[in-house]
Amino acid sequence: MNSLLHLFPFILACVFATGKVYGAGADIPQPVPPADRAAVTVTVPFDLYDGYMIVAHGSAGPLKGLNFFVDTGTTLPVFDSKVLQKLHLQHEAPVSIVVLGGKAQGQEAVLPSLSFGPVQWSNLQVVTIDLSFFRKVIPVRIDAIVGLNVVGQRAFVIDYSARVIRFGRTPVLPVSVPLRMDGGLATFDAEIDHAPVHLAFDTGADSLILFNTDARSPGSKRKVEPDHIGNFTRKAVRLHSIRLGNAEFGQKSAAVVDSPKQSPFDFDGVVSPAALGIVQVSIDLQRGVLGFSR
């Protein structure tokens, strides 16, 4: 099945630029918020498209009310090229962005400031590409894609039912699992059909995605179509059971896709909280805890 733009973990922690590999946290400083700020709750409303795509307002420099696509499967902030043109910023170097189905060409730039709810950044390294392809699936202009290196600066809860992100001290939710950062992605251990797996938490995915690691082998004859963002082949499968922490999800549909050959990260796939019917999910990177309720 050839699917266009049904899956959005398309940066997948691999941005290759002039011989360097960028992962969130590798070259971008991540400030630790003062303890007294953690108790203050700030709420950011969002619009939800197709049941899983989160779009909220943020700012870049003097530009207010920009549409930010919140994708925890993205390891560097990605801005639409037109935003950087409006800010009159100079591109620093061309970059090749690894995506499912090939790669896309973009540019490096330094954003003077970024605001998203209580999160503030200065002199932030970003990547710029043409994001107009989002119009095929979302009826609003997308100005930027932000992941955990932006929103994870403070602990937060995504409430899908209320359609808000709450930054601050996270509540105790019924299920919690340990998480760790792998090149800018939040990853955790789970079980699929009673076998251990290591998954990445990805709000930008439309389902549970498992990687076909055979596609990475040098002798593999599988081919991808280059230079088409989100254009990839995936195979639908039916899983008998999924277990996250002490939560059992029973039978679920999933997709198997070829893992990007250039990916240096060692995990078995990505999981979408919305696809599992999760209503609230909390992320606390400092404590290394992922919690959720159904």
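The values are calculated or read from the model by the stated rules, or taken from the named source; none is laboratory data. Computed from a prediction, not measured in an experiment: that's the story for all the values here. We place every Cβ from the backbone using ideal geometry, glycine too, and count neighbours over all the protein chains shown.
Listed by first and then second residue, the pairs with beta-carbon distance under 6 Å, at least 6 apart or on different chains, first residue in the stretch 79-101 and under 25 Å from Pro62 (Cα atoms), second at pLDDT below 75, are Ala93/Ala17; Ala93/Thr18.
Val279 meets each of the listed conditions (1) surrounded by 21 or more Cβ atoms within 10 Å (Cβ to Cβ); (2) at pLDDT 95 or above apart from (1). Filtering Ile158, Ile145, Ile138 for residues that are crowded, with 22+ Cβ neighbours inside 10 Å and either modelled with pLDDT of 95 or more or assigned to a loop (DSSP other than H, G, I, E, B) (or both) leaves a single hit, Ile158.
Taking Ala109 as the residue in question, decide whether it is assigned by TED's automatic domain parsing to the domain that holds Gly288, modelled with pLDDT under 95 and surrounded by 19 or more Cβ atoms within 10 Å (Cβ to Cβ). So Ala109 fails the test. Within the stretch 129-165, which residues are over 16 Å from the mean Cα position of the chain (by Cα) and of a type in the set (S, T, N, Q)? Of everything in the stretch 129-165, those that are over 16 Å from the mean Cα position of the chain (by Cα) and of a type in the set (S, T, N, Q) turn out to be Ser132, Ser161.
Selection within the stretch 215-264: residues that are hydroxyl-bearing (Ser, Thr, Tyr) and at pLDDT below 50. The member of this set that is farthest from Val177 (Cα to Cα) is Ser220.
Considering every residue within the stretch 167-174, establish whether at least one is crowded, with 21+ Cβ neighbours inside 10 Å, assigned to a strand (DSSP E or B) and in contact (Cβ under 8 Å) with a residue 12 or more places away in the chain. Checked the stretch 167-174: at least one residue is crowded, with 21+ Cβ neighbours inside 10 Å, assigned to a strand (DSSP E or B) and in contact (Cβ under 8 Å) with a residue 12 or more places away in the chain. Residue-level check: of (1) modelled with pLDDT under 95; (2) touching an Asp or Glu at 6+ places or on another chain (Cβ under 8 Å), Leu76 misses just (2).
Taken together, the residues in the stretch 65-85 that are in a helix (DSSP H, G or I) and over 20 Å from Gln120 (Cβ atoms) amount to 3. Based on what the data block shows, is Asp36 part of a helix (DSSP H, G or I) and at pLDDT below 75? So Asp36 passes the test. Of the listed requirements (1) at pLDDT below 85; (2) surrounded by 17 or more Cβ atoms within 10 Å (Cβ to Cβ), Asn212 misses just one: (2). Filter the stretch 175-195 down to residues that are over 15 Å from Ile209 (Cα atoms) and not aliphatic (A, V, I, L, M) and give me whichever is surrounded by the most Cβ atoms within 10 Å (Cβ to Cβ). Filtering first and then ranking leaves Gly184.
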